[in-house]
1. Whats the longest run of the chain with zero GluC sites (Glu not before Pro) that are DSSP loop and have at most 15 other Cβ atoms within 10 Å?
2. If we count every other residue with Cβ under 13 angstrom of VAL134's Cβ, Lys/Arg +1 and Asp/Glu -1, where does the sum land?
3. Extending each Cα 7 Å along its Cβ direction at ASP220 and LYS275, get the distance between those two points in nm, one decimal.
4. If eta is 1.306 mPa s and T is 10 °C, what Stokes-Einstein diffusion coefficient results for the chain, Kirkwood Rh from Cα pairs, in µm²/s?
5. So which trypsin sites (Lys or Arg not before Pro) in region 25-97 pass both tests, a DSSP loop state and at most 12 other Cβ atoms within 10 Å of the Cβ?
6. For region 24-59 and region 76-133, what is the centre-to-centre distance using only Cα atoms, to the nearest Å?
7. At R0 = 45 Å, how high is the FRET efficiency between ASN71 and ALA172 if r is their beta carbon distance? Nearest 0.05 is fine.
8. Using the Karplus equation 6.51 cos²θ - 1.76 cosθ + 1.60 (θ = phi - 60°), what ³J(HN,Hα) coupling, rounded to whole Hz, does each residue of region 184-198 give in order, writing x for Gly and Pro?
Amino acid sequence: MHKIKPILVTGSHRSGTTWVGKMLAATPQVGYIHEPFNLRHRPGICTATFPCWFTYITEANEALYYEPLKNTFAFRFSIKAELSAMHSPRVVRRMLENYKNFALYRLRHAAPLIKDPLALCSAEWLAKRFDMNVVVLIRHPAAFTSSIRRLNWRHNFAHFLNQPLLMRDYLAPFEAEIRAFAQKEHEILDQATLLWRIIHHLISHYQAKHQDWLFLRHEDLSAAPVPYFKYLYQHLHLTFSSRVQKVIEAYSSEDNPTEAANHTLVKRNSKAIIKSWRTKFTAAELTHLRKQVEDISHLFYSDADW
């Protein structure tokens, strides 16, 4: 009988991390924890304060984060921290829901599942410090940039510059570009393109270093959800039941819409999502995008994927 280790689901945002996290949480063997690295996370879930998007934790700065995250992994909900952030009945309801979920996870002796693309830069530290299984999601650059533009999600690139250890260890090749984007706001597609390159540059380094981590393309998972999730469940030593399969089928059925009105998890037509970006770009935009990302995208996608 294999012990179920804590699980980190990370990778590029807009790559299906929520979908994967929720489908893995369809078994009561794990307890789902949503984005503790998000700057807007609920303080009751994690009492740590993260100063930057994509905070980079190493042994050099772990003292600020280890104990709060240890409590999160143990499903210790902090009512005290949450009380200082309550300002509406909706927030009170959310606090009670989170508290109840953490209590149930503890009662079931569930393994923690952290779903957080914003934890990508800290994935190595998390995996080592908490003995985690790591699942990294990858997504086609055109799909990623199309989604970012649709949601108008702009990024403050100064958050990278404010982390000298991250710049030194991983992002030095992008320093000139990051400084230019931090000094002047660029068009949303250019922002999304640079962000995709930075994220997937980091993922490529992880892929070369960590043979025991799982790296999955969103497109492959979307094309065959049930077989890929069966494989995930097996790798993570989770029980793949008929109930789990029905949940996966319900959330990926061809009867579902291709897009949602917001970025929260809803039932989607997973196969239709794969190439839905084709209608979102002009030919000139797509040519420009591919030229910008080709130095990294060729590691994950071939000519046939364009």
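No value in this document is a laboratory result; all are computed from the given coordinates. It should be emphasised that the depicted structure is a prediction, and the values quoted were computed from it without experimental measurement. Counting neighbours? That spans all protein chains shown, and the Cβs are built from the backbone with ideal geometry, glycine included.
1. Numbers: sites that count: GLU59, GLU185, GLU187, GLU254, GLU259.
By the stated rule (loop sites, at most 15 other Cβ atoms within 10 Å), 60-184.
2. On the way: positive: LYS5, LYS115, LYS128, ARG129, LYS209; negative: ASP116, GLU124, ASP131, ASP212.
Once positives and negatives cancel, what remains is +1.
3. Result: 1.9 nm between the two label points.
4. Working: Rh = 20.2 Å.
Once the numbers are plugged in, D ends up at 78 µm²/s.
5. Numbers: sites: ARG40, LYS70, ARG76, LYS80, ARG90, ARG93, ARG94; in loops: ARG40, ARG76.
Passing both the DSSP loop test and the Cβ count: ARG40.
6. Rounded to whole Å, the Cα centres lie 6 Å apart.
7. Values: r = 34 Å, r/R0 = 0.76.
Once rounded, the FRET efficiency stands at 0.85.
8. Values, residue by residue: 9, 5, 9, 4, 4, 5, 5, 4, 4, 5, 5, 5, 4, 5, 4 Hz.
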